[in-house]
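Each remark here refers to the structure printed beneath this line.
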Amino acid sequence: MSFPVTRLRRMRQSDSLRSLVRETRLISANFIYPLFICPGERVRKEISSMPGVFNLSVDEAVKEAHEAKSLGLGGIILFGLPEKKDEVATGAWTEDGIVQRATRAIKKEVRDLVVVGDVCLCEYMSHGHCGIVKKKSSDKDADYEILNDATLEILAKTSVSLAEAGMDIIAPSDMMDGRVGAIRKALDQAGFSNTPILSYAAKFASGFYGPFREAADSAPQFGDRRSYQMDGANLREAMREISLDIKEGADMIMVKPAMPYLDVIAEARRRFDLPIAAYQVSGEYAMLQAAIRNGWLDRDRVILESLTSIRRAGAQLILTYFAKDAAKLLG
């Protein structure tokens, strides 16, 4: 029936009525909180482009893990800043790597908090790329190639090292072809057949990663990552990426970034039945924080509205630097 019999405003008259018919709901367990782990003790260094986000030493990361658990967050994801970098990403897979040490310390103190391990090599490579680099000359800015198959061995080794440290979920974010299958095989052979893989299946070459590269000290020293991260114009290719990762053994998939790619999240939700995550990346966070701090946006409303849009698009899990703030707002 049409107006005046049908009046959709009837169910918008009060908070109670709006809550009663609300289609999309946020809960604290939807959120995964990113932490950047650095060497030292009692280190809590704010990242200039990401107000409220810090580089944390292991002891400070343990405190954050306790708070994440008390707020009911779904988990945390760890990124590492190693003491040294090289061209084979030794800090990513060594037994005493920064993330491995943090994982052991957190799992000892907060046993039932889910800890996710980002598996990428850019933070650990001296050149800042996500894989082994083959240069065609000695010139720093000369033509180069990121070697896909040679990188898979390091990604697999890193994944096993993180699982041995106690990591609950392995999350490869490098965008090398075949990485999920290589990691699944390595985990199974090492006795970690029950360790799930959350694949950054559709990770786009985005302009929204800038603040993260400051936080993780992971900017490429030459060139860019467009030869392995996805072209932001391609939705159908994203579905192929996701489908291939599922066939290789991914238990969950992720779309990154989130808000500029809500259509990709929605299409993935329509096509695939496994859990879907989305990453509200550093640039999204920094952009909102800048507007909030200038008084242009209502802080509480835009935090929850931005996260609701991602959840409504179909993401069950949201990686976000607003995780603690959102959990507190949700009560």
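The values are calculated or read from the model by the stated rules, or taken from the named source; none is laboratory data. Quick caveat, the model's predicted, so the values are computed rather than measured. No Cβ is skipped: glycine too gets one built from the backbone with ideal geometry, and neighbour counts run over all protein chains shown.
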Could you name every one of the strands (runs of 3 or more DSSP E) located completely within the range 104-166 that has at least 3 residues being closer than 20 Å to residue 35 by Cα? 115-119
In the range 274-323, what residues are of a type in the set (A, V, I, L, M), closer than 20 Å to residue 212 by Cα, in contact with a Lys or Arg (Cβ under 9 Å, 6 or more places away or on another chain) and not in a loop (DSSP other than H, G, I, E, B)? 277, 278, 288, 292, 318, 319
Residue identified as out of contact with any Leu (no Cβ under 7 Å at 6 or more places or on another chain) and loosely packed, with under 12 Cβ neighbours inside 10 Å among 67, 41, 109: 41
Check whether at least one residue in the range 150-158 is modelled with pLDDT under 95 and of a type in the set (D, E, K, R), and report yes or no. no
Considering the range 197-242 alone, what residues qualify as being without any contact (Cβ under 8 Å) to a residue 12 or more places away in the chain and within 14 Å of residue 178 (Cα to Cα)? 240
